[in-house]
Amino acid sequence: MRRHAALLITAIVGATALAGCGSETADTRDRGAAAFGGHFSVEGALRALPAVKRQDDRPLQVFAGDLSEAAELGDLPKPVDPQSLADWSKGLATPPLFVAASEGLGLQYLQSGAMRKTVGFDARDVTTFAAVEALPEDITVVNLTKGAGLTKGVEATGKGTVGDIDPAWPDDAPFPFVHGVAQRGDEVALSRSSAVLETWTKDNGDSLADNDALVAVAKALDAHGSYSAFLSDGPGKLPNLPPAALKAMNSSMPAFDAVGIAQGVEDGKAVEYVAYHVDDADKAKDRIEKTWTDGMSARTREPLAKLLDVGDVTAKDGVVTVKISPKGSAGLAVQMFMQGDVPFIVVD
């Protein structure tokens, strides 16, 4: 079987030559190269992001991808006019493609053209990206195509305080909330938090790659190919159903402290790899496989077997990885996580 996928999701492959502003140490260059140079890797995306912490009981979420690779896999048009831009952005969420994108990438606001007007670039100029959201803290880091770049002197996407509602929204602002903007070497970052943006700019050496559980999941996903990935440092939110009802749906997931989902394309069809970091992978493997093969969806109340096919299930280095093939739209596993479906919740 021929595998089409990019190693390093949207964590910013090889990038652009932007005129760097700000200091850059040898350590910064090494970590940046590991994150964005050459091939896409989920682990590289983690190294590109500052060590943002989760807020309260809400899980931290990481998004990454390679838009150039996704466009190639989907044979998408180059976005050079309004119609091709609409086809390009729609194609990123049309089978066999699904790009898990952060708000800071701006895909949902692309048609307005406000981001290019304000900061000099938008999602169509991005090659790869990495982002983390732990609201109210967030940051999206991008590399850009040759010739694109941050407009000189721009430090925010709108007037007012970073993080506040932009008074120009929705008519003449790229985001509902003002984002700070900064550049470090070849990378440009956008954030609703001035503190997070400053931490990224100064680069003290701390990153999400300091989280061992996330790194273990990233390594497992990187063993396969992907053009987009989503990670979280814990289970999804439990649906509003009694535990007994969830158990009746064969929700037998063991505890896990990190999960990752990678998107790929094989023989023209979407495939997804779901990796869980657990205490004992060998013991957890059967319970996780049983949930995917015999479970019912808390969202649709139908067997998961109607929604997807389960492929190989492996256990290695503290991680259980499940390969699935959606029977409908790509991005099924990410949607299930967001909606608190059975394979991403822990009942007991």
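Could you run the Karplus curve 6.51 cos²θ - 1.76 cosθ + 1.60 with θ = phi - 60° over region 304-316 and give me ³J(HN,Hα) per residue in whole Hz, x for Gly and Pro?
4, 4, 7, 9, 7, 9, 9, x, 5, 10, 10, 10, 7
Just how much of Ser329 is accessible, in Å², when a 1.4 Å probe is used and the result is rounded to the nearest 10?
70 Å²
Only helical DSSP H runs with n ≥ 4 go in: add -39500 (n - 2.57) per run for the chain, normalise by residue count and round the 222 nm mean residue ellipticity to 500 deg cm²/dmol.
Per the formula, -7000 deg cm²/dmol.
Can you tell me the equivalent ellipsoid semi-axes for region 162-260? Use √(5λ) from the Cα gyration tensor, largest first, whole Å.
Over the Cα atoms of region 162-260, the semi-axes work out to 34, 23, 13 Å.
Please give the solvent-accessible surface of Val196 in Å², to the nearest 10, using a probe radius of 1.4 Å with every protein chain present.
10 Å²
Please compare each pair in Lys202/Lys237; Lys146/Lys316; Lys90/Lys323 to a cut-off of 28 Å on the Cα-Cα distance and tell me which ones are over it.
On the way: Lys202/Lys237 34 Å; Lys146/Lys316 40 Å; Lys90/Lys323 25 Å.
Long pairs (Cα-Cα over 28 Å): Lys202/Lys237; Lys146/Lys316.
Quick one: work out Rg over Rh on the C-alpha atoms of the chain, Rh as Kirkwood radius.
With Rh from the inverse mean 1/r over Cα pairs, Rg/Rh is 0.97.
Give me a comma-separated list of calculated 3J(HN,Hα) values for region 141-146, in order, Karplus coefficients 6.51, -1.76, 1.60 applied at θ = phi - 60°, integers in Hz, x for any Gly or Pro.
Using θ = phi - 60°, the values come out as 10, 10, 10, 10, 5, 4 Hz.
Report the residue, chosen from Val313, Val274, Val132, that carries the largest GNM mean-square fluctuation when the chain is represented by alpha-carbon nodes joined by springs under 10 Å.
Ranking Val313, Val274, Val132 by mean-square fluctuation puts Val313 first.
Which is the longest stretch in the chain that no exposed loop site breaks, taking sites as GluC sites (Glu not before Pro) with a DSSP loop state and at most 14 other Cβ atoms within 10 Å?
156-348
Please list, by residue number, everything in region 281-310 whose backbone N is under 18 Å from a paramagnetic label point 7 Å out along Cα→Cβ of Ala245.
Backbone N within reach: 295-304.
Whenever you get a sec, compute what percent of the accessible area on region 206-348 sits on carbon and sulfur atoms (1.4 Å probe). List each step's numbers first, then the result.
On the way: 2770 of 5730 Å².
After summing per-atom areas, the C and S share lands at 48 percent.
Probe 1.4 Å, all protein chains in place: accessible area of Lys53 in Å², nearest 10?
About 140 Å², ignoring ligands and nucleic acids.
Starting from the Cα of Gln335, step 7 Å along the direction of its Cβ; do the same at Ala255; then give the gap between the two resulting points in nm.
3.2 nm
How much of the calculated P(r) for region 264-323 lies past 13 Å, in percent of all Cα pairs?
Here the long-distance tail beyond 13 Å is 63 percent of all Cα pairs in region 264-323.
Under a crude label model (7 Å from the Cα following the beta-carbon direction), how far is Asp294 from Asp81 in nanometres?
For Asp294 paired with Asp81, the spin-label model returns 5.8 nm.
Starting from the Cα-Cα distance between Lys283 and Thr314, subtract it from 0.36 nm times their residue separation and give me the gain in nm to one decimal.
Difference between extended and current length: 10.0 nm.
At a Cα cut-off below 17 Å, give the lysines reachable from Lys117, other chains included and same-chain residues fewer than 8 away excluded.
Leaving aside lysines fewer than 8 places away in the same chain, those within reach of Lys117 are Lys152, Lys159.
Calculated FRET efficiency, Ser194 and Asp171, Cβ-Cβ r, R0 22 Å, to nearest 0.05? Spell out each step's value before the answer.
Working: r = 25 Å, r/R0 = 1.13.
With R0 = 22 Å, the Cβ-Cβ based efficiency is 0.35.
The values are calculated or read from the model by the stated rules, or taken from the named source; none is laboratory data. All values reported here derive from a predicted model rather than from experimental measurement. With ideal geometry, Cβ positions are generated from the backbone for all residues, glycine too; neighbour counts draw on all protein chains shown. Surface accessibility is based on the protein's heavy atoms, side chains included, excluding ligands, DNA and RNA. Shrake-Rupley method; radii C 1.70, N 1.55, O 1.52, S 1.80 Å.
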